[in-house]
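Presented below is the structure to which this report refers.
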Amino acid sequence: MSSPSPEFSRPLRVDRVPRLGSTEKIEADPAERTALARRLEIPALHGLTAKLRATPWRGGGLQLDGALEADLEQVSVVSLEPFRHSVAFPVLRYFLPPGRETEAGEEEIDVIENGVIDLGEVVAEALALELDPYPRKPGEAFDEETPPEIEEKPPSPFAALSRLRGKE
């Protein structure tokens, strides 16, 4: 069974990265943005770009360092209304060939599969991990006042006993 193809794919052959590194600029097209919005469960993704620096790392590995920018819509957890805003997040990932990642002893190292790293998938994953899970429109806040029905304290069971005691 093959894994599903990513919505935003920009393969980079590791062996083609120059010794001094390369700068890679990628941008999602409208169809890719629509598919990513569905994957991220947001109303819309109006723009997604990234500028990444790919540098050889640890003899056969690769370091990706850069940033992504996205123009997107999210639904506010306060008003439940969609709102549009822009976000920017750093991207830093490390890759090693299969078998070498365990030698490194670090948890945050990904495997280079078939000599290729998918820059689009790296950016999509970074966006998914960095998005606020509880977004709010700018200026929105939960009402700090306690509703009146909660403010009233329920009668104490001892109050009922003291009323009974007074009747004797």
Checklist entry - What list of ³J(HN,Hα) couplings, whole Hz, do you get for the stretch 26-39 from phi and the Karplus terms 6.51, -1.76, 1.60, once you set θ to phi - 60° and write x for glycine and proline? => result 10, 8, 7, 7, x, 5, 5, 5, 5, 5, 5, 4, 5, 4
Checklist outcome for this item: Most exposed first, judged by fewest Cβ atoms within 10 angstrom, R33, R19 run R19, R33
Next on the checklist: Per residue of the stretch 131-139, what does 6.51 cos²θ - 1.76 cosθ + 1.60 with θ = phi - 60° give for ³J(HN,Hα)? Whole Hz please, x for Gly and Pro, Karplus curve as stated.
Outcome noted: 4, 5, x, 10, x, 10, 4, x, x
Checklist entry - So who's got an amide H within less than 5 Å of the one on W57, skipping anything under 5 residues away but keeping other chains? H placed 1.01 Å off N, in plane. => result L62, Q63
Item to check | Mean separation of Cα contacts under 8 Å, 6 or more apart, over the residue count of the stretch 11-141: relative contact order % | outcome: 24 percent
Next on the checklist: Below 9 angstrom from the Cβ of S9, what's the summed charge of the other residues (Lys, Arg +1; Asp, Glu -1)?
Outcome noted: -3
Checklist entry - Which whole-Hz ³J(HN,Hα) couplings does the stretch 112-118 yield from phi under the Karplus relation 6.51 cos²θ - 1.76 cosθ + 1.60, θ = phi - 60°, glycine and proline marked x? => result 7, 9, 6, x, 10, 10, 8
Checklist entry - Where does each of D65, D15 land when they are ranked from fewest to most other beta-carbon atoms within 10 angstrom? => result D15, D65
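Read-outs throughout are calculated quantities, based only on the coordinates presented, and are distinct from any laboratory measurement. This one's a predicted model, so the numbers in the text were calculated from it and none came from an experiment. Quick reminder, even Gly has a Cβ in these numbers, built from the backbone with ideal geometry, and neighbours come from all protein chains shown.
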